[in-house]
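Here is the structure we will look at.
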Amino acid sequence: MSYNNLTYEIENRINIISINRPEKLNALNIETFSEIDHAIKSSVANNEVRIIIITGVGEKAFVAGADINEFVNFTMEQGSELSESGHKILSETIEGCPKPIIAAINGYALGGGLELAMACHIRVASENSKMGLPEVSLGVIPGYGGTQRLPQLVGKGRALDMILTAKMIDADEALAYGLINYKTDQTELMDFAKNLSKKILANSSNAIKNAIKSVNANFEKGVDGFNVEINEFGKCFETKEFKEGTSAFLNKRKPDFN
Ligand code: COA
């Protein structure tokens with residue numbers, strides 16, 4: 001698969017998508033965003049892939065935000081359209097992805113970059129990472145779901161503090177806030193993310209898909225997450241993976257979900 005702004009590799013059932021505009025600190029222009037959308041959809045359709053890692057090329061940035069050059073002259077309508085299309089990709093393609101997506105944050109994750117990471121299911125960050133939603137310093141607000149997902153992850157008080165001051169926090173603070181799940185040395189980031197992937201790969205991909213759907217339901221307006229869980233729980237009982245997982249347990253062996 002070839003993209004202008006991404007590298008795309010598959011190894012041991014893990015798809016690694018690296019945003020590749022290091023000279024612009026991997027800023028998300030519209031083309032890059034649509035390539036991410038396409039790459040993830042391809043991975044969902046590819047049976048060889050069971051888990052996705054998103055990272056940034058270079059040692060400095062995961063993604064330093066939406067590409068400011070692109071929207072500098074936008075009208076109100078164009079601004080709303082940009083936000084709407086970003087929301088669709090982050091909510092439907094990434095957060096709603098039936099295969100787990102890990103953000104391996106390798107440096108600056110600012111604005112749209114942090115919003116991208118927050119839409120992923122798990123976040124690992126290297127110790128040099130800096131995270132923030134600095135949009136108000138540019139006269140805009142976070143437009144790819146940041147005003148909603150940051151409070152979900154860190155609480156309203158901390159989210160408003162970060163958004164209104166436009167400050168950046170480091171990996172230690174992000175870990176203490178619950179914004180990231182793990183912090184690692186920069187040189188170990190990808191190995192850490194791959195080891196985490198291996199732990200997930202040992203589990204039933206069908207059950208994982210149902211678990212992601214159920215957890216996401218908690219945050220969907222007008223949806224009763226408990227009912228979604230009841231349905232998704234029931235569906236598991238019809239699967240080969242449930243038979244394998246339970247019979248492996250009863251026969252005192254490890255399950256084989258591959
Ligand atoms: N959009 C477009 N270009 C960006 C960018 C963004 N969000 N973030 C960085 N770049 C570009 C810079 O313009 C520069 O390009 P140039 O060399 O052609 O001038 C290049 O990436 C390197 O960035 P630079 O600012 O020189 O690096 P730095 O180490 O001095 O500063 C940051 C790093 C992250 C602090 C700084 O780039 C920054 O504040 N970026 C914008 C962050 C932001 O507001 N994001 C939210 C956008 S909605």
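The values are calculated or read from the model by the stated rules, or taken from the named source; none is laboratory data. Note that this is a predicted model, so its numbers are computed, not measured. Ideal geometry is used to build each Cβ from the backbone, glycine not excepted, and the neighbour counts take in all protein chains shown.
Some notes on this structure:
- Among (1) assigned to a strand (DSSP E or B); (2) of a type in the set (A, V, I, L, M); (3) within 14 Å of MET118 (Cα to Cα) - the single one ILE169 does not satisfy: (3)
- Residue list for the range 13-25, filter: in a strand (DSSP E or B) and more than 16 Å from the ligand (Cβ to nearest atom): ILE14, ASN15, ILE16, ILE17, SER18
- Every residue from the range 26-60 that is part of a loop (DSSP other than H, G, I, E, B) and within 16 Å of the ligand (Cβ to nearest atom): ASN26, ALA27, ASN29, VAL57, GLY58, GLU59, LYS60
- Residue within the range 164-173 that is within 13 Å of the ligand (Cβ to nearest atom), more than 18 Å from PHE192 (Cβ to Cβ) and among the aliphatic types (A, V, I, L, M) present: yes
- Residue match in the range 16-28 (condition: without any contact (Cβ under 8 Å) to a residue 24 or more places away in the chain and assigned by TED's automatic domain parsing to the domain that holds PHE192): yes
- Qualifying residue in the range 121-143 (condition: in the same structural domain as GLY56 (by TED's automatic domain parsing), over 23 Å from LYS194 (Cα atoms) and more than 11 Å from the ligand (Cβ to nearest atom)): no
- Of all residues in the range 64-83, none are under 15 Å from the mean Cα position of the chain (by Cα) and aromatic (Phe, Trp, Tyr).
- Selection count, the range 155-178, where residues are over 30 Å from ARG13 (Cβ atoms) and within 16 Å of the chain's Cα centre (by Cα): 0
- The set of residues from the range 66-80 being within 11 Å of the ligand (Cβ to nearest atom) and either in contact with an Asp or Glu (Cβ under 8 Å, 6 or more places away or on another chain) or of a type in the set (S, T, N, Q) (or both) comprises just one member, ASN69.
- The residue that is surrounded by the fewest Cβ atoms within 10 Å (Cβ to Cβ), counting only those in the range 1-49 that are touching a strand residue (DSSP E or B) at 6+ places or on another chain (Cβ under 7 Å) and of a type in the set (Ser, Thr, Tyr), is THR7.
- Of the residues making up the range 9-30, not a single one is of a type in the set (Ser, Thr, Tyr) and in contact with a helix residue (DSSP H, G or I) (Cβ under 6 Å, 6 or more places away or on another chain).
- Taken as a whole, the condition of being of a type in the set (Ser, Thr, Tyr), crowded, with 20+ Cβ neighbours inside 10 Å and within 16 Å of the ligand (Cβ to nearest atom) does not apply to SER83.
- Any hit, the range 179-186, residues being hydroxyl-bearing (Ser, Thr, Tyr) and under 20 Å from the mean Cα position of the chain (by Cα): yes
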